[in-house]
Amino acid sequence: MPHPFQIIQSAAKIQMIFEYANAQRTIHLNKMDPYPNVLYMGYSVGHWEGDTLVVEVTNFTDATWFDRAGDFHSDALHVIERYSSMGPDVIHYEATIQDPQVFTKPWKISMPLYRRVEPNAQLMDFKCVPMVEETIYGHLRKQQLVKHWEGSTMNVDITRKIPPGEAVYERYVSGNPPPAK
């Protein structure tokens, strides 16, 4: 995702603060007791191998996905990350993903992480709009995605309505209907 993040480092911890979903993650560089729970971003313990930060991540909740396509993992997910400097403004990131309950063998991803170098770069507030993709693009699906929704206090039956003509492209960010003409 194109959203930036910030890294703050001390002698015992590295904090990663993400613009996306206002998430944050702590990488512990000191000895820690085993974590007694599960986390969305896992529990991270790191150490240095020369100039490379190696992070072992465990204790993931199985309620998250790898991507928007729904590629999933179990609570047995185990990730080994490697962060290596490629220069003053680039970190080489590599992750080895292991989950014996989902994958037949470990697999890797790698990519460069670039420092934002423009003046006054900063993290912004992230506004998550529920159901935004379905609201904006749902009419383009051949089959309606959701026809019935059950919550803890109500059930909702949903009938898709496709606006006529150019109205399909109009977006009302405020959520309010357009002014009467």
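Read the figures in this text as sums done on the coordinates, not as results from a lab. Treat the numbers as computed from the prediction; the structure is a model and nothing was measured. Neighbour counts are summed over all protein chains in view; Cβ atoms, including those assigned to glycine, are modelled from backbone coordinates with ideal geometry.
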What are the ³J(HN,Hα) couplings of segment 54-59, residue after residue, when phi is run through the Karplus curve with 6.51, -1.76, 1.60 and θ = phi - 60°? Round to Hz, x for glycine and proline. 10, 10, 9, 10, 9, 6
Largest first and in whole Å, what are the equivalent-ellipsoid semi-axes of segment 1-88 based on the Cα gyration tensor, each being the root of 5 times an eigenvalue? 22, 18, 13
Net charge near Asp75, counting Lys/Arg +1 and Asp/Glu -1 over other residues with Cβ under 10 Å of its Cβ? -2
Excluding residues fewer than 8 positions from Lys147 in its own chain, the lysines with Cα under 22 Å of it are Lys161
Taking the alpha-carbon distance from Lys31 and a cut-off under 28 Å, which lysines remain once sequence neighbours fewer than 8 residues away in the same chain are dropped? Lys13, Lys108
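Net charge around Asn30, counting only other residues with Cβ within less than 15 Å of its Cβ (Lys, Arg = +1; Asp, Glu = -1)? Provide the component values of the computation, followed by the final result.
Numbers: positive: Lys13, Lys31; negative: Asp33, Glu56.
Local net charge: 0.
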What are the residues whose amide H is under 5 Å from the amide H of Lys13, where those residues sit 5 or more places off or on another chain and H is modelled from the backbone? Leu29
What would the Debye formula give as log10 I(q)/I(0) at q = 0.10, 0.17, 0.20 Å⁻¹ for the alpha-carbon point model of the chain, no solvent? -0.61, -1.23, -1.48
Would you mind computing, in nm to one decimal, how far apart the modelled labels at Cys128 and Lys108 are, each placed 7 Å from Cα along Cα→Cβ? 3.2
Using unit Cβ charges (K, R positive; D, E negative) and no other charged atoms, how large, in debye to the nearest 20, is the dipole of the chain about its Cα centre? 480
In order over segment 19-26: 3J(HN,Hα) from phi, Karplus 6.51/-1.76/1.60, θ = phi - 60°, whole Hz, x for each Gly or Pro, gives 5, 5, 6, 6, 7, 8, 8, 10
Go through Val146, Pro36, Phe66 and say which Cα lies farthest out towards the positive end of the charge dipole of the chain; charges sit on Cβ, +1 for Lys and Arg, -1 for Asp and Glu. Val146
Sequence-distant residues sharing a close amide H with Tyr43 (under 5 Å, placed H): Thr58, Asn59, Phe60
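Give the residue list of trypsin sites (Lys or Arg not before Pro) in segment 86-126 that are DSSP loop and have at most 14 other beta-carbon atoms within 10 angstrom. Show your work: numbers first, answer last.
Details: sites: Lys108, Arg115, Arg116; in loops: Arg115, Arg116.
Here the trypsin sites (Lys or Arg not before Pro) that fit, given the DSSP loop and packing criteria, are Arg115, Arg116.
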